[in-house]
Amino acid sequence: MLPRRGSVDAPLRVAVLISGGGSGLASIIKYEGKGNRAYKTVLVLSDSEEAPGLRHGLSNGIKTIGLTVPRLEGKKESRLAHERTVHSRLVENHVELVVLAGYMRILTPSFVGHWKGRLLNIHPSLLPKYPGAHAHRDALLDQAKVSGCTVHLVDEGVDSGPILAQSEVPVHRSDSVDDLQNRIKLVEHDLYPRIIDEYSTDPKSFIHRLVN
Ligand code: GRF
């Protein structure tokens, strides 16, 4: 199910899910503050109370929750219990669009099925190249000349959902993983907020444009 059309008067209620430093989250909040947007970040959620990026939510007066994964008998049970709590927090806060920004957990098909069309991710490569957790390392090992980032809708696969937008950067022969990551983050911080806003403005025509 796609979200409704957001507008300046009635922006889409967005939750941003993070695991780490949250530089992407910061760019989303900053863009929101700079103009009339069709989305509003109403919830920041992370899978740990320690995630440094939580500070961006807190310092901007956004409801911010660190949800540490519970320690249950089995790993699977812990994962499912955590995901159920995440889902409940999203529903309780009337979230309409879920934005993954460096969220390092694999979501179950049941969660994805519920939020499909309302679940975006950014991946630090030009998908379908270099999916998975080691995109920069894989690009360097492959001696790629270009890399970049991809904003996509999340489906049940790993970094495999429909692509909404991409930005390219050059890869230099002398690059370390950190060099490449930093260069890609710069374009991520420009692209992701813009695409979130465009998608929020009119999800149906955004998707229509992709398939035509
Ligand atoms: C970004 O490069 C994003 O593409 C990837 O994880 C990184 C998150 O960085 N999925 P940050 O926590 O937003 O700084």
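Brief remarks follow.
- Yes/no for I122 being more than 16 Å from the ligand (Cβ to nearest atom), more than 22 Å from R4 (Cβ to Cβ) and in contact with a strand residue (DSSP E or B) (Cβ under 9 Å, 6 or more places away or on another chain): no
- Flag for R79 being of a type outside the set (D, E), modelled with pLDDT of 95 or more and more than 16 Å from the ligand (Cβ to nearest atom): no
- From the list D175, D197, the lone residue that is among the charged types (D, E, K, R) and within 21 Å of T41 (Cα to Cα) is D197.
- Checking each residue in region 116-165 for being surrounded by fewer than 19 Cβ atoms within 10 Å (Cβ to Cβ) and closer than 23 Å to L12 by Cα picks out K116, G117, D155, P162, I163, A165.
- Members of region 97-115 that are more than 12 Å from the ligand (Cβ to nearest atom) and open to solvent by 40 Å² or more (accessible area, probe 1.4 Å): I106, P109, S110, G113, H114
- The requirement of being away from the ligand (no atom under 14 Å from the Cβ), open to solvent by 10 Å² or more (accessible area, probe 1.4 Å), modelled with pLDDT of 95 or more and within 15 Å of the chain's Cα centre (by Cα) is not satisfied by E49.
- Of the residues making up region 170-185, those that are touching a residue at least 12 places away in the same chain (Cβ under 8 Å), within 12 Å of the ligand (Cβ to nearest atom) and surrounded by fewer than 20 Cβ atoms within 10 Å (Cβ to Cβ) are V177, Q181, R183, K185.
- Residue satisfying condition, being modelled with pLDDT of 95 or more, open to solvent by 30 Å² or more (accessible area, probe 1.4 Å) and away from the ligand (no atom under 12 Å from the Cβ), within set V69, V14, V8, V42: V8
- In region 17-39, the residues that are away from the ligand (no atom under 15 Å from the Cβ), under 16 Å from I195 (Cβ atoms) and open to solvent by 50 Å² or more (accessible area, probe 1.4 Å): K34
- For I196, the criteria (1) open to solvent by less than 10 Å² (accessible area, probe 1.4 Å); (2) more than 30 Å from S110 (Cβ to Cβ); (3) aliphatic (A, V, I, L, M); (4) away from the ligand (no atom under 13 Å from the Cβ) hold in every case but one, which is (2).
The values are calculated or read from the model by the stated rules, or taken from the named source; none is laboratory data. Just so you know, these numbers come straight off a predicted model, no measurement behind them. Cβ atoms come from the backbone with ideal geometry, glycine included; neighbour counts cover every protein chain shown. Remember, those area values only see protein heavy atoms, side chains included, never the ligands or the DNA or RNA. Shrake-Rupley method; radii C 1.70, N 1.55, O 1.52, S 1.80 Å.
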